[in-house]
Amino acid sequence: MTQFFHMNDDPGAHQPETKAIMRWLEEIRFTASASLHGGALVANYPWDGTENKKKYYYGCPDDETFKYMASIYSRSHHNMSLSEEFPGGITNGAYWYPIYGGMQDWNYLHAGCFELTLEISDDKWPNASELPTLFEYNKMSMLNLVASLVKTGIHGRIFSSDEGKPLSASIAIKGLNSTIHARETLADYHRLLVPGGKYEVIATMPGYKSRSTSIMLGEEAMTVDFVMDPVITPINSFLQRGWSCSLPGPHLEVFFILVLVLVSVFLCFLLKRRVVLNYPKQRQAKRSVLGV
């Protein structure tokens, strides 16, 4: 499925390798990725297609960040940035030629993973003897791209204020229609952003009050942690107050069974006590009758 059209929506029709990659991206919160191609010399970024299937520049919400990433790769390359076909050695995919159902757009759209498509050779099928040279031409580009992911953007962790437990909350930037999620286990996140800008970071989580903060991002990465307050249940709501114990389903059933057992035992105790207290009076009345 793309952001524009329903394509290959039947999971059973996907190839095993495709399904494995999709599961992998859903299980692990990757910050960024890249796929290596041949046939051109350029760093390509989303979107790869347009909503009317025509060829023109169609940027995604994080267009500036993607251009920043692509430029780091291109400028660090042996000669990619000198391209006459692609200014600066980078291009928007839809502006170059539209495609749909590709991994680049899917990663960004469904996994919050910023992916570049790196065309690293004008020769579609280079000879094996050329591979060492291609590696040397791209080595610094790959290293600098990876380093930039750590050195820029914002990262942090998200916790609840009542119990201090980690929260797999969503992180959004005001004005950008793109959301990433903190990991479930450690509640850590890393959000790529262009250095030198002012941003409002917003954390949201069902059952918790949203939190936001404004930052001025410098050339280095910034730590932005959040502590989120749970939504308070209204005191005048008896039902909501009664359920505030937040017992999971199986524990709730056991709780009700225990209550019923305790009530039954208490009633039996009362009935037994009533019989014991009344017994001497019955005996007293019987003796009086016999005495007459």
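The values are calculated or read from the model by the stated rules, or taken from the named source; none is laboratory data. It should be emphasised that the depicted structure is a prediction, and the values quoted were computed from it without experimental measurement. Counting neighbours? That spans all protein chains shown, and the Cβs are built from the backbone with ideal geometry, glycine included. What goes into the accessible areas is simple: the full protein's heavy atoms, side chains included, and nothing from ligands, DNA or RNA. Shrake-Rupley method; radii C 1.70, N 1.55, O 1.52, S 1.80 Å.
List of remarks:
- Residues in the range 78-101 that are open to solvent by 50 Å² or more (accessible area, probe 1.4 Å) and of a type in the set (S, T, Y): Y95, Y97, Y100.
- Residue pairs meeting the criteria (Cβ under 7 Å; at least 6 apart or on separate chains; first more than 14 Å from G102 (Cα to Cα), in the range 12-26; second open to solvent by less than 90 Å² (accessible area, probe 1.4 Å)): L25/N107; L25/A111; L25/C113; E26/A111
- Pairing residues of the range 119-142 that are open to solvent by less than 80 Å² (accessible area, probe 1.4 Å) with residues that are in a helix (DSSP H, G or I), at Cβ distances under 7 Å and at least 6 apart in sequence or on separate chains, gives I120/L134; I120/N138; S121/L134; P126/L134; S141/Y73; S141/S76.
- Total residues in the range 152-196 satisfying the condition of being on the phi < 0 side of the Ramachandran plot and open to solvent by 30 Å² or more (accessible area, probe 1.4 Å): the figure is 21.
- Of the candidates R23, R75, R29, the single residue that is open to solvent by 40 Å² or more (accessible area, probe 1.4 Å), more than 23 Å from the chain's Cα centre (by Cα) and charged (D, E, K, R) is R75.
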